[in-house]
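No lab work stands behind these numbers, since they all come straight from the coordinates. From a predicted model like this one, the values you see are computed outputs, not experimental measurements. Methodologically, a virtual Cβ is constructed for each residue, glycine included, from the backbone with ideal geometry; neighbour enumeration extends over all protein chains shown.
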Number of protein chains: 2
Amino acid sequence: MSPDAPIGVFDSGIGGLTVVRALLHRLPHERIVYVGDTARVPYGPKSPDTVRRYANEITHWLVEQGVKTIVVACNTATAHALPTLQRECPVPVLGVVAPGARAAVRAAQGGPIGVIGTVGTIDSGAYERAIHAIDPDITVLARACPLFVPLVEEGWLDHAVTRAVAHEYLDPLLADGIRALVLGCTHYPLLAPLLAELAGERVTLIDSADQTAAATAQILREHSLEAEARATPPRHRFVASDAPDRFLALGQRFLGTTLDHVDHVTFG
Amino acid sequence: MSPDAPIGVFDSGIGGLTVVRALLHRLPHERIVYVGDTARVPYGPKSPDTVRRYANEITHWLVEQGVKTIVVACNTATAHALPTLQRECPVPVLGVVAPGARAAVRAAQGGPIGVIGTVGTIDSGAYERAIHAIDPDITVLARACPLFVPLVEEGWLDHAVTRAVAHEYLDPLLADGIRALVLGCTHYPLLAPLLAELAGERVTLIDSADQTAAATAQILREHSLEAEARATPPRHRFVASDAPDRFLALGQRFLGTTLDHVDHVTFG
């Protein structure tokens with residue numbers, strides 16, 4: 001495997017672009033191939049078996065593209081499929097759950113940790129397991145927030161409705177005194193300003209994207225797979241399994257920079 | 001084709017059960033085979049090509065099950081795929097758009113008609129076309145309401161948040177003096193009490209489910225395919241492409257009666 005090879009990143013849709021944003025920031029010389037499975041989005045309410053099947057298909061495709069490592073930039077896919085992918089894939093695979101859990105444990109300093117995510121991520125118990133693997137005595141309060149993804153996609157990032165929904169979801173966790181709140185879905189960083197205001201200063205918000213980018217940098221270092229600096233910036237590739245135009249239009253909000261082209265690839 | 005054969009009904013998920021409910025009410029002797037494509041739900045934000053591919057796969061499966069007619073109980077699938085399905089299918093196929101459009105024209109008596117639905121249904125312009133085919137002079141005001149489906153699935157049918165979202169979506173249509181409002185998505189009948197209150201007495205709400213059941217009854221009559229009354233009630237079959245347990249749990253709310261079993265079938 002060559003250090004020149006790209007990093008593969010995938011998500012059920014556009015949310016994983018928040019992870020790409022963090023990767024571009026931390027690893028500016030790396031080339032990215034991103035897959036958004038927009039034909040089958042969202043993964044959140046789907047069964048573990050179905051999510052595993054979808055994640056396997058995309059991972060195979062990324063390996064065929066010659067990636068040197070794969071980042072599962074989707075909490076639901078990480079929760080359901082990571083062990084399978086790590087076992088079967090010829091390149092290192094990392095997910096968003098373990099890095100987020102480690103950062104939450106550091107920030108909470110023994111206090112209760114809140115975790116919010118899709119129904120699939122929360123029901124899987126993946127964050128509880130990852131947090132308790134570090135410290136079994138920490139109290140974890142988890143809550144599925146299925147309305148946050150459609151609210152973000154509607155662009156209502158600072159809307160009275162979003163604030164009311166956030167109160168409904170978070171007030172019980174805040175009443176129980178959480179010290180850290182894991183944004184366990186790659187869409188949620190776009191709601192971070194509103195959630196931070198609601199949660200107050202006592203609560204540290206954990207954005208898994210930054211933590212995952214740091215973990216990716218470490219894996220590349222360990223395997224001596226870091227790309228070298230070049231005169232020309234790397235050319236990334238973005239692929240969507242459906243509606244590449246909508247991906248292009250929405251993607252910029254998540255990536256924080258312009259997207260000039262999105263390819264269409266069919267899986268399954 | 002025998003009158004004993006079942007009626008095939010499909011939707012991207014559970015919303016089409018509101019159409020089944022209307023069919024059971026109007027055609028109590030008919031047997032139903034219902035497919036909810038929960039592995040690929042929602043169709044609303046997906047491209048016309050992808051929705052057509054999914055609708056074709058399910059239609060083929062229903063034809064293999066020996067159905068005598070097919071009801072596309074999904075506005076997005078009707079909007080994108082109905083002409084293709086009607087051309088290629090050996091049994092009559094009907095959708096939810098034309099019956100809803102006819103009822104809206106009757107109710108509005110020449111006044112403006114509001115249409116609400118998913119992004120896919122609204123962008124397709126299917127309701128405008130169906131309404132203008134009856135009366136080209138009627139003003140149609142269409143609005144995508146992507147938050148309504150997740151709000152219904154969250155069960156927030158009479159929640160302050162849902163009321164605020166409904167105001168955001170409907171106030172411009174109401175200010176323009178609509179006389180009828182087409183609920184252009186099979187999830188929306190569950191919001192009918194709240195929407196009716198908001199819209200006031202001047203606006204007639206059009207639930208396509210009832211209209212579609214009436215159109216189905218007419219097609220069966222025309223083809224002499226009506227089932228005969230029997231001593232034992234017909235046994236229906238419900239199929240989901242993913243998470244049949246969730247379908248079972250949520251389905252009752254849409255169907256208005258108990259669901260005792262849901263089969264799992266994989267498409268695509």
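Helix B:48-64 and the longest principal axis of the C-alpha atoms of chain B enclose an angle of approximately 30°.
Segment A:1-156: Rg/Rh from Cα coordinates, Kirkwood Rh? Each step should come with its number before you reach the end.
Details: Rg = 15.7 Å, Rh = 16.2 Å.
Value, to two decimals: 0.97.
Please work out the Cα convex hull volume for segment B:190-248 and give it in Å³ per residue. Could you put the intermediate results ahead of the total?
Numbers: hull volume 10.3 nm³, N = 59.
Per residue, the Cα convex hull of segment B:190-248 comes to 175 Å³.
For chain A, the relative contact order works out to 27 percent when only alpha carbon pairs closer than 8 Å and six or more residues apart are counted.
Local charge sum around A:His236 (other residues, Cβ-Cβ under 12 Å, Lys/Arg +1, Asp/Glu -1)? Walk me through the numbers on the way to the answer.
Numbers: positive: A:Arg21, A:Arg31, A:Arg235, A:Arg237; negative: A:Glu30, A:Asp260, A:Asp263.
Local charge sum for A:His236: +1.
Which value, in nm² and rounded to one decimal, describes the direction-averaged projected area of the C-alpha convex hull of segment A:97-208? Averaged projected hull area, Cα only: 5.9 nm². From largest to smallest, the equivalent ellipsoid semi-axes obtained for segment B:129-268 from the alpha-carbon gyration tensor read 31, 23, 14 Å. The H on the amide N of B:Val182, modeled in the peptide plane, is under 5 Å from the matching H of B:Gly114, B:Val115, B:Ile116, B:Ile206, each at least 5 residues off or on a different chain. Loop-resident GluC sites (Glu not before Pro) (DSSP state other than H, G, I, E or B) in segment A:170-232 with no more than 10 further Cβ atoms inside 10 Å of their Cβ: A:Glu201, A:Glu228. Treating each Cα of segment B:93-158 as an identical point scatterer and summing with the Debye formula, the log10 of I(q)/I(0) at q = 0.26, 0.30 Å⁻¹ comes to -1.09, -1.26. Given the convex hull over the Cα atoms of the protein assembly as shown, what projected area results after averaging over all orientations, in nm²? Orientation-averaged projected area of the Cα hull: 26.3 nm². Taking amide hydrogens as placed 1.01 Å from N in the peptide plane, the amide H of A:Ala227 sits under 5 Å from that of no residue at least 5 positions away in sequence or on another chain. Calculated mean residue ellipticity, 222 nm, chain A: -14500 deg cm²/dmol, from DSSP H runs (n ≥ 4) at -39500 (n - 2.57) each, averaged per residue and rounded to 500. The phi-based Karplus calculation (6.51 cos²θ - 1.76 cosθ + 1.60; θ = phi - 60°) puts the 3J(HN,Hα) values of segment A:27-43 at 10, x, 8, 7, 9, 10, 10, 10, 10, x, 7, 5, 6, 10, 4, x, 7 Hz, whole numbers, x for Gly and Pro. Taking all Cα pairs closer than 8 Å and separated by 6 or more residues, the relative contact order of segment A:1-142 comes to 24 percent.
Counting only other residues whose beta carbon sits under 13 Å from that of A:Ile131, what net charge do I get with K and R as +1, D and E as -1? Summing Lys and Arg as +1 and Asp and Glu as -1 gives +1. Ascending distances from the A:Arg202 label point to its copies in the other chains, with the point 7 Å along the Cα-to-beta-carbon line: 5.0 nm.
If you average the sequence gap of Cα pairs under 8 Å that are 6 or more apart and divide by the length of segment B:97-208, what percent do you get for the contact order?
On the way: 170 pairs, mean separation 41.4, N = 112.
The value is 37 percent.
In chain B, the longest principal axis of the Cα atoms and the axis of helix B:160-175 are about 70 degrees apart. The phi torsions of segment A:102-108, fed into the Karplus equation with coefficients 6.51, -1.76 and 1.60 and a -60° offset, translate into couplings of 4, 5, 5, 4, 4, 6, 7 Hz, rounded to whole numbers, with Gly and Pro shown as x. Position B:Arg129: other-copy label points at 4.8 nm, ordered by increasing distance, label point 7 Å along Cα→C-beta. The value obtained for segment A:223-268, namely the Cα convex hull volume divided by the number of residues, is 127 Å³ per residue. Couplings for segment A:234-242, taken from phi via the Karplus curve 6.51 cos²θ - 1.76 cosθ + 1.60 with θ = phi - 60°, read x, 9, 8, 10, 10, 10, 10, 7, 7 Hz in order; Gly and Pro are left as x.
Mean 1/r over all different Cα pairs, inverted: what Kirkwood radius does chain B give, in Å?
Working: mean 1/r = 0.0540 Å⁻¹.
That comes to 18.5 Å for chain B.
Counting charges near B:His159 (Lys, Arg +1; Asp, Glu -1) among other residues having Cβ under 13 Å from its Cβ returns a value of -3.
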